[in-house]
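Since the structure comes first, as structure tokens, the remarks are kept for the end.
The values are calculated or read from the model by the stated rules, or taken from the named source; none is laboratory data. Because the structure is a prediction, the values reported are computed rather than measured. Because the Cβ atoms are built from the backbone with ideal geometry, glycine has one as well, and the counts that use them run over all protein chains shown. Protein only, heavy atoms only, side chains kept; ligands, DNA and RNA dropped before computing areas. Shrake-Rupley method; radii C 1.70, N 1.55, O 1.52, S 1.80 Å.
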Amino acid sequence: MERNVNTAMAVEKDKGTQPTALASSPMGSALAFMQAGGNVEQLNQMMDLQDRWEANEARKAFNAAVTAFKANPPKVFRDKENKQYGSRYTSLSNLVNTVNTDLSKHGLNARWDIDQSDQIRVTCILSHVLGHSASVTLKGVPDKSGAKND
């Protein structure tokens, strides 16, 4: 978008007029508002209102996407065998790859932040393409019993 604004400004300069921003750009809207008699405080209030509106729209889109995902969740198959207990389970990589593929169809993405400073904390963050996200954190101390390493 910046390239288009610069191109439009350059064309206006070539015509010998004052440079103008495209009306559809944020800069164009701000310029039009200021030329209509608005002040910086009012402009900031309008920008805050726009930010709140966009955040609310993103939250609604996030909730709709999660609902759509839950309406038809993927089937996750057990791809590993636990020989000690004679049972099958789903590997973490299989679960993540299967679920993330279907999440992406709804504009969603899951990622994890891991912190091992004093405790082990794993935070799953579910994000939507419009910017809204939700997270949950699980934490605990390392299990040092038996023959486990830190």
Scanning region 128-150 for residues that are touching a residue at least 40 places away in the same chain (Cβ under 8 Å) and not in a loop (DSSP other than H, G, I, E, B), the one surrounded by the most Cβ atoms within 10 Å (Cβ to Cβ) turns out to be H128
What is the one condition in (1) in contact with a strand residue (DSSP E or B) (Cβ under 9 Å, 6 or more places away or on another chain); (2) free of Cβ contacts under 8 Å to residues at least 12 places away in the same chain; (3) open to solvent by less than 60 Å² (accessible area, probe 1.4 Å) that A58 does not satisfy? (2)
For region 21-45, enumerate the residues that are over 25 Å from H128 (Cβ atoms), under 27 Å from the mean Cα position of the chain (by Cα) and either open to solvent by 70 Å² or more (accessible area, probe 1.4 Å) or touching a residue at least 40 places away in the same chain (Cβ under 8 Å) (or both). M27, N44, Q45
Starting from residues that are open to solvent by less than 70 Å² (accessible area, probe 1.4 Å) and of a type in the set (V, I, T), keep the ones in region 63-120 and report whichever is nearest to P142 (Cα to Cα). I120
How many of the residues in region 123-150 are among the polar types (S, T, N, Q) and in contact with a helix residue (DSSP H, G or I) (Cβ under 7 Å, 6 or more places away or on another chain)? 0
Test for L49: is it part of a helix (DSSP H, G or I), surrounded by 11 or more Cβ atoms within 10 Å (Cβ to Cβ) and among the hydrophobic types (A, V, I, L, M, F, W, C): no
Among the numbered conditions (1) at pLDDT below 95; (2) touching a strand residue (DSSP E or B) at 6+ places or on another chain (Cβ under 7 Å); (3) among the aromatic types (F, W, Y), tell me where W53 comes up short. (2)
Name the residue that is farthest from A110 (Cα to Cα), counting only residues in region 46-77 that are aliphatic (A, V, I, L, M) and within 15 Å of the chain's Cα centre (by Cα). A55
Does T7 meet the test of being part of a helix (DSSP H, G or I), polar (S, T, N, Q), surrounded by 10 or more Cβ atoms within 10 Å (Cβ to Cβ) and at pLDDT below 95? yes
